[in-house]
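Heads up: the structure comes next, in structure tokens.
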């Protein structure tokens, strides 16, 4: 075992707890780090491993294959992981993507919770939706919390940030728009769910949903629910929307 | 305003941070407390309110209507709420329910996360499923965290705890069983979803799912998903299962 704690000292001093402004972020934990290495090896600055990590051989092999620097550094992992139980971390460059014009999109307007955002990304990939637009302001998609709750799904999809829904719409004018709203006009039922190829499913913020201007942005959709709840949880609503719209193919 | 901080001193000394063994629990926050008062007034020991709460008149009115003791007690709220921003709390007796024999059930086998459990309860009520079985061991359904994430939906449904799936099954032998598993035999598609009246939808633990003994407990169901994720999040899977099975009515 090569406890390479002293090497690369200069770079180490520069690596700090996650900052929104920084040009890099982290994967915390083995699972998202493996997903990072497999899906976006070109963005990995280095991989950090704690000396007590049990799957070192596999990690070494994978890093060698992808020509990624692997560094034993218990202290740095503890520092960036906020004292969680974390034995592996990846340091990666923040990168940008372009959404695919000919595939359906998921559009999140002002998502506020990083855990929810990550879960939604994971769900999108689970249903074969690989293009996600985020309308700002919104939760930080690069934050290690988002990355972790996405279980690394972040690295398997294209995401793009927009200053407004109009900016998104201008760029992707061909997509048929479906806005999910508590006062949506069309009920999403098993019997009558829309069967379209190129669509954007649009969801609002956890607390406030979409405002009424979205009633006329396309077809407004209501997921039928009882009067006994205020609303469905955002991640559940997104899961159902994705399940139904991708279910025709 | 009646700052009744000194009254009821004896009872106050007995009220502590939530304990699993205790005969009572709390609703923390105005929303779940209102739901408690409206749905289960007979179980409320008292309602605590912080002097800075802004909606005092409505709360007073509701408590008077239901003959519930309202107590101003900033210190006690701070104590039981673990320093969250909490201005209203309800103290309620833990109670037990019986599941309705002639309605469909949701069955959760060893759910481990209180936040997920609460979200699932909220989703069940949202889709009109008012009977939930929990197979132990499982997350504490009475814990204030579960109650809070259920948004008070806990008080609108029947729940019952069982030591084993067999114990549940013996008591409710008429329900058609559907077990949700990654190796389920039948894909849950829009085109071919089962249309039955009296059913139990069975879901496993967040990390481990259902073990293979559940393959033969009834019809095993797979929610189709890509190879790019390990699995769907439990709450999402439950949401989709509920949406589809309740969607025929």
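Based on the Cβ-Cβ distance from residue B:23 to residue A:22, what FRET efficiency comes out when R0 is 60 Å, to the nearest 0.05?
Numbers: r = 50 Å, r/R0 = 0.84.
Once rounded, the FRET efficiency stands at 0.75.
Once you place label points 7 Å from the Cα toward the Cβ at residue A:186 and residue B:219, how far apart are they in nm?
Reported label-point gap for residue A:186 and residue B:219 is 2.8 nm.
State, to one decimal in nm and shortest first, how far the label point of residue B:102 sits from each corresponding label point in the other identical copies (label point: 7 angstrom along Cα-to-Cβ).
5.6
Using Cα atoms only, what is the angle between the long axis of helix A:114-126 and the major principal axis of chain A, expressed in degrees (0 to 90) to the nearest 10?
80 degrees
Using only the alpha-carbon atoms, how far is helix A:234-246 inclined from the longest principal axis of chain A? Give it as 0 to 90 degrees, nearest 10.
The helix A:234-246 is inclined about 70 degrees to chain A.
Report, in degrees rounded to the nearest 10, the 0 to 90 angle that the Cα long axis of helix B:56-65 makes with the longest principal axis of chain B.
The two axes meet at around 80 degrees.
I'd like the Kirkwood hydrodynamic radius of the range A:5-93, using the inverse of the mean 1/r over distinct C-alpha pairs, in Å. Walk me through the numbers before you get to the answer.
Details: mean 1/r = 0.0776 Å⁻¹.
It works out to 12.9 Å.
How large is the direction-averaged shadow of the alpha-carbon convex hull of chain A, in nm²? Numbers along the way, then the final one.
Working: hull surface 59.4 nm².
Spelled out: convex hull of the Cα atoms, projected over all directions, averaged, 14.8 nm².
Over the range B:105-245, what is the mean sequence separation of C-alpha contacts under 8 Å (at least six apart), divided by residue count, expressed as relative contact order in percent?
The normalised contact order for the range B:105-245 reaches 29 percent.
Could you grab the relative contact order for chain A? Cα pairs under 8 Å, six or more apart, rounded to a whole percent.
Averaging sequence separation for qualifying contacts and normalising by length gives 19 percent for chain A.
Between residue A:54 and residue B:103, how high is the FRET efficiency from 1/(1 + (r/R0)^6) when r is the Cβ-Cβ distance and R₀ = 41 Å? Nearest 0.05.
Efficiency, rounded to the nearest 0.05: 0.30.
Quick check: residue separation of residue B:78 and residue B:39 times 0.36 nm, minus the Cα distance between them. What number comes out in nm?
Extra length from residue B:78 to residue B:39 when fully extended: 11.5 nm.
Using all alpha carbons of the range A:105-245, what is the percent of pairwise distances in each 5 Å bin, ordered from the shortest bin to the longest?
Result returned by the calculation: 2, 10, 21, 25, 21, 14, 6, 1, 0.
So what is the 222 nm mean residue ellipticity for chain B from helices alone, if each DSSP H run of at least 4 adds -39500 (n - 2.57) and you divide by all residues, rounding to the nearest 500 deg cm²/dmol?
Numbers: 8 runs with 72 residues, N = 249.
Roughly -8000 deg cm²/dmol at 222 nm, from the helical runs in chain B.
Could you compute how fast the protein assembly as shown diffuses translationally, taking Rh as the Kirkwood radius over C-alpha pairs and applying Stokes-Einstein at 10 °C with viscosity 1.306 mPa s? Give it in µm² per second.
Answer, rounded: 64 µm²/s.
List the distances, in nm and shortest first, from the label point of residue B:20 to the matching label points in every other copy, placing each point 7 Å from Cα along the Cα-to-Cβ direction.
3.8
Can you compute the label reach from residue B:227? Point 7 Å from Cα along the Cβ direction, backbone N cut-off under 17 Å, restricted to the range B:165-188.
So the set is B:183.
I need the inter-copy label distances for residue B:231: point set 7 Å along Cα to C-beta, values in nm with one decimal, smallest first.
The answer, with the shortest distance listed first, is 3.0 nm.
Between the range A:39-84 and the range B:93-115, what is the C-alpha centre distance in whole Å?
Computed from Cα coordinates, the inter-centre distance equals 42 Å.
Quick note: the coordinates plus some simple rules give every number you see, no bench work behind them. Note that the structure is a prediction, hence the values are computed from the model and not measured. So basically every Cβ, Gly included, is an ideal-geometry build from the backbone, and we count neighbours across all protein chains shown.
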